[in-house]
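The values are calculated or read from the model by the stated rules, or taken from the named source; none is laboratory data. Keep in mind it's a predicted model, so treat the numbers as computed, not measured. Reconstructed Cβ throughout: ideal geometry from the backbone, glycine too, with neighbour counts over all protein chains shown. Protein only, heavy atoms only, side chains kept; ligands, DNA and RNA dropped before computing areas. Shrake-Rupley method; radii C 1.70, N 1.55, O 1.52, S 1.80 Å.
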Amino acid sequence: MSMTQQAEPAVGRPPASGPEQTDGRTVRRPLVIRLLARPEVGVFLGAVAVLIFFLIAAPSLRQGSSMATVLYQSSTIGIMALPVALLMIGGEFDLSSGVAVISSALVASMISYQLTMNVWVGVLVALFASLAVGAFNGWMVVKTGLPSFLVTLGTFLILQGANLAVTKLVTGNVATDDISNMDGFDQAKKIFASSVDIGGVEVKITVFYWLAFAALATWVLLRTKYGNWIFAVGGNKDSARAVGVPVNFTKITLFMLVGFGAWFIGMHNLFSFNTVQSGEGVGQELIYIAAAVIGGCLLTGGSGSAIGPVFGAFMFGMVNQGIVFAGWNPDWFKAFLGVMLLGAVLINLWVQRTATRR
């Protein structure tokens, strides 16, 4: 055989049989391992397990109306859990989100009733107030360098006290007045608190908002520059700033997104019940954060998804309503939530270690 023949390239020849040679860095991991690397896979499996469990333990849940109730309960948690999850991916917390929901509803109700104006005026003023609270939280965090835990804890206490004190001062009671007879109420109720008939089952409109917001948040995280900024500032804000990411803008707008979520749920509560109790909302912020953590968002930031918190909120709604339909003592609800939270943290830890193991 000549030297020319030996050097001839093997174009078009089939690859040699046997294992592909790699240097250990380009090896393709099995599909199962790659799926486990997704932060929402664990909570999805958990949600399926919880669903199956309660469908067996509470047969009445198999009815369409019962499942609609579960979805409604999940949606009121899930709509707020989405911006809270995005904020956590960005490396921050907001402990004021629960009372901020009540604050927005109180502002809308009192502006409309006490000033005898169209309820839409109160709705718009409440939106501005909610965004302002979020902007204040974000500004304090980026300008002072204080942990968001401390900043939003202060905001939580301020709003909690103001909700009760201002409501008593303005209305003389701990609750706002009924606004159901005011101009614009019916139109606002259709947008924020109506129901849709599907096959004879009344499904609350918040369920559709919840799914739409989840799809939008997923698109933002995976397909936009802003989504890249969120992951970058949550992973390492100094490195992100070094490559041109607007860290301050990203963090402030994430807090404002939480404010928007608080406004939306606040309006739903107001137009569902026509009045607002000023002392409510305390403790809900932990539910929102827990739904995000169960959904795969790391407490350290830089990792997570928008789909995971959807399943996390669904698990909360299923447990909350499943206990009732099963006829169990509702006092066990918080115990179930604690078990789910610890289980989710352990699963997320195992998933991380499995996904990063060579």
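Listed values, structure above:
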quantity	calculated
Selection from SER97, LEU131, VAL43, by position along the positive dipole direction of the chain (Cβ)	VAL43
Using a Förster distance of 30 Å, the FRET efficiency for LEU222-ALA135 (Cβ separation, nearest 0.05)	0.70
Helix axis angle, 225-235 relative to the chain longest principal axis, alpha carbon, degrees	90
Solution diffusion estimate, µm²/s, Stokes-Einstein, region 94-194, Kirkwood Rh from C-alpha pairs, 10 °C, viscosity 1.306 mPa s	110
Share of carbon and sulfur in the accessible heavy-atom surface of the chain [1.4 Å probe, %]	66
Spherically averaged projected area of region 43-120 from its Cα convex hull (nm²)	8.2
Cα-based helix-to-principal-axis angle, 247-273 vs the chain, degrees rounded to 10	50
Label assignment, P(r) over Cα pairs in 20 Å bins from 0, in percent derived from the structure, set (1) 27, 51, 16, 5, 1, 0; (2) 34, 54, 13, 0; (3) 32, 62, 7	(1)
In degrees, nearest ten, helix 284-294 long axis to first principal axis of the chain (Cα)	10
Computed helical MRE - 222 nm, the chain, DSSP H runs ≥ 4 contributing -39500 (n - 2.57), nearest 500	-23000 deg cm²/dmol
Label-zone membership for region 125-145, site VAL282, 7 angstrom Cα→C-beta point, backbone N under 15 Å	none
